[in-house]
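Notes to accompany the following structure.
Every number here is computed from the coordinates shown, using simple stated rules; none is lab data. This one's a predicted model, so the numbers in the text were calculated from it and none came from an experiment. Please note: Cβ atoms are built from the backbone with ideal geometry, for glycine as well, and neighbour counts cover all protein chains shown.
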Amino acid sequence: MGFRDDFLWGGATAANQCEGAYNVDGRGLANVDVMPHGPERFAVGAGVRKMLDFEDGYYYPAQSGIDFYHHYKEDIALFAEMGFKTFRMSLAWTRIFPNGDESEPNEAGLAFYEDVFRECRKYGIEPLVTITHFDCPIHLIKEYGGWRNRKLIDFYKNLATVLFTRYKGLVKYWLTFNEINMILHLPFMGAGLVFEEGEDKEAVEYLVAHNELVASAWATKIAHDIDPEVKIGCMLAAGSYYPYSCRPEDVRAAQLENQDNYFFVDVQSRGYYPAYALKKLEREGIDVGMTEEDKQILAENTVDFISFSYYSTRCAAGEGSDAAKTEGNAFAGAKNPYLKESQWGWAIDPLGFRITLNDLYDRYQKPLFVVENGLGARDVVEEDGSINDDYRIDYLRQHIEVMRDAVTEDGIDLLGYTTWGPIDLVSAGTGEMSKRYGFIYVDRDDAGNGTLARSRKKSFDWYKKVIATNGEDL
Ligand code: P53
């Protein structure tokens, strides 16, 4: 006995990292469009270097992405060739509401996604759709201050109503906010948040978190009212924190870090703020503006399943530790001396995947869905055009193996698994093309040169076999 018969194998993407066509068919501008490639990207993503328009002298990779907008038929055909059961994608809010606050949607945007969903269904591929994968219309940021303003909850409800009505019967699985805990790590990239001089950042982040959590619960309600068949999930950037050592200060530090992440799913899955969060807000004098209606909406509209990304575990050291720090990651922490790292400094930890799956299942007792996992690596195109990405196959094999153990030995209820970037796309963290995750290679470099031609890597046939054998033959 291994994975369930209807296990949803597939791959995951995000609109802003693959679609391109940023100013086509009435699409408006979003935070994710104005994230430049290059050394300033991190500061922009963190909301400390304000960039709300395109500026001269920068290259903006989201403008063209891998041009999925014009290649989706070809790309979905390749996914179907690998045997995908599901395709995770996100919608660009600004294709549907270019400014975010209109009352009527943009038909061209709605029609585009309808075509994409129909194309998936043609091959029996179940779309798994993220409503917001980091994107927030620029107009909402400039006019309203973005998610710090409760009006965004109404705009999001409007968006959700349009989506669930229009795509009823076409989409069954929805995620409300991608990596909602990213608010605390890269607040501009994660939620379109820019800070004013002297502002209490943490207070703003929790206010924004509250508004998104309430919006997420409303979306869950709207979805279930429109179609009781749909399943709504939350989405966490997961990867448990280990204590750097068994020193109690390190164990406590890891516990606190984990709580920072669990906070979001605790609310989305249980329907109320956990005690540690209420106390933290009280202690720090943070008022998130909780209303009686918020409380009720949160309580009555918990998620149907828990989805998450897993790339790595993390490590926390308490006061007085001599642990070295990690680099090159939104999740800063202590360096784990037992783990090897990827070319981008992300610790590789397959067993940590099983630990994380267990941590989440123990805590929530709801079905889990792994919606991102994979290795960002540089690929070499051989003279004959082949790409021998054995390192990627190794990474995925090791992770799928322990995921199988988590199902067969630990009894975890797992709905599916989508690898990140089944086709190469723009890196969220760095804006590079050269940080590749795909089974499908895209001829495009970090400066935007290349033919955009698609080709199959060695891992393409490997993943096809994995799916065909439902994870038996790795
Ligand atoms: P990249 C870290 C930093 C930025 C985004 O990341 C992240 C993470 C990992 O937790 O989250 C997800 O492209 C995200 C995707 C992203 C993927 O990780 O920096 O949901 O949009 O592409 C991989 O290598």
Problem set entry | Taking the C-alpha atoms of the stretch 226-317, convex hull volume expressed per residue in Å³ | 113 Å³
Seminar exercise, completed: Semi-axes in Å, largest first, for the chain (Cα gyration tensor, √(5λ)) are 29, 27, 24
For this session: Please report the Cα spread of the stretch 420-468 along all three principal axes, rounded to whole Å, starting with the longest.
Result: 36, 24, 10
For this session: Find how much the distance from Leu170 to Arg247 grows on full extension, using 0.36 nm per residue of separation minus their present alpha carbon separation; answer in nm with one decimal.
Result: 22.5 nm
Problem set entry | Hull volume in cubic angstrom per residue (convex hull over the Cα atoms of the stretch 128-217) | 88 Å³
Problem set entry | Selection of GluC sites (Glu not before Pro), the stretch 4-76, meeting DSSP coil and at most 15 other Cβ within 10 Å | Glu40, Glu55
Seminar exercise, completed: Hull surface over four for the Cα convex hull of the stretch 1-121, reported in nm², is 10.1 nm²
Problem set entry | trypsin sites (Lys or Arg not before Pro) within the stretch 368-474: DSSP coil, no more than 11 neighbouring Cβ in 10 Å | none
Exercise. Among 182-189, 1-8, what's the highest-first ranking by average C-beta atoms within 10 angstrom per residue?
Worked result: 182-189, 1-8
Exercise. For the chain, with only Lys/Arg (+1) and Asp/Glu (-1) charged at the beta-carbon, what is the dipole magnitude about the Cα centre, in debye rounded to 20?
Worked result: 620 debye
For this session: Determine the principal axes of the Cα atoms in the stretch 53-204, then give the extent along each, sorted from largest to smallest and rounded to whole angstroms.
Result: 53, 37, 27
Seminar exercise, completed: The convex hull of the Cα atoms of the stretch 151-294, divided by residue count, gives a volume in Å³ per residue of 139 Å³
Exercise. Mind listing which GluC sites (Glu not before Pro) in the stretch 374-474 are in a DSSP loop and have 15 or fewer other Cβ atoms within 10 Å?
Worked result: Glu382, Glu383, Glu409, Glu472
Problem set entry | Per-residue Cβ neighbour rank within 10 angstrom, fewest leading, Tyr310, Tyr361, Tyr441 | Tyr361, Tyr441, Tyr310
